[in-house]
Amino acid sequence: MSQQANPRGTFLKVADTLRMRIEADPNMAELPPLAEVMSDHKVSRGVALRAFAVLKQEGVAEPTPGGRWRIVRAGARADRRPLEQRFADIITTDGLEVGQRFPSASALAERFGVSRPTVTKALEKLETAGVLAGGGQGKVRTVRAVPTREERS
């Protein structure tokens, strides 16, 4: 137990390392998973979360639905609207009509880079709003109504 407390917080060192990785790789779009940061740096979950919070405060990264952290690059625009609004846009951008099949939760999770439970919550909101019909485990969701511009914004 002869270890002394580090005058510069361990979480700041982890944040510095992550920042250097981001700067070195211009194609990096997300922070590594929390478990990976904990394992690589041999730190607790709390320390890793504090490092992520430092990057958020500096405007380098931001949390996204589903627990992932997106890297914010200068000049890059990210769609920060709620997920259900972005899902509603699929109807018009993909040219879906009433009665047509809506993409599956798995396909949406992959397309938007979020977890399936996050997708499910957003889809439930669209079902409640009357935009989608069906749904549930093993059921195909279909377009019930094409959202108007006011419903999408």
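The values are calculated or read from the model by the stated rules, or taken from the named source; none is laboratory data. Given the structure is predicted, the values throughout are model-derived calculations rather than measurements. Cβ placement follows ideal geometry from the backbone for every residue including glycine, while neighbour counts extend to all protein chains displayed. The area values use the complete protein model at the heavy-atom level, side chains included, leaving out ligands, DNA and RNA. Shrake-Rupley method; radii C 1.70, N 1.55, O 1.52, S 1.80 Å.
For residue 133, neighbours were defined as the other residues whose beta-carbon sits under 10 Å from its Cβ, and their charges (Lys and Arg +1, Asp and Glu -1) total +2.
Per-residue SASA remark: residue 68, around 100 Å² accessible (1.4 Å probe; ligands, DNA and RNA not included).
When 62, 30, 97 are compared by accessible area of protein heavy atoms, the largest-first order is 97, 30, 62, using a 1.4 Å probe. Legend: calculated FRET efficiency, residue 145 to residue 70, from the Cβ-Cβ distance at R0 = 30 Å, rounded to 0.05, equals 0.45. Compared with the direct C-alpha span, the chain from residue 21 to residue 106 gains 27.6 nm at full extension, assuming 0.36 nm per residue.
If you take all other residues with their beta carbon under 11 Å from the beta carbon of residue 142, and give Lys and Arg +1 and Asp and Glu -1, the sum is +2.
Annotation for residue 129 and residue 44: the two label points, set 7 Å from Cα along the Cα-Cβ direction, are 4.1 nm apart. Maximal additional length on extending the residue 137-residue 62 stretch stands at 23.9 nm, based on 0.36 nm per residue less the C-alpha distance. The residues of region 8-106 present an accessible area of 59 Å² per residue when probed at 1.4 Å with all protein chains retained. Apolar share of the accessible surface for region 27-70: 51 percent from carbon plus sulfur atoms, 1.4 Å probe. Taking Lys and Arg as +1 and Asp and Glu as -1, the other residues whose beta-carbon sits under 13 Å from that of residue 41 total +2.
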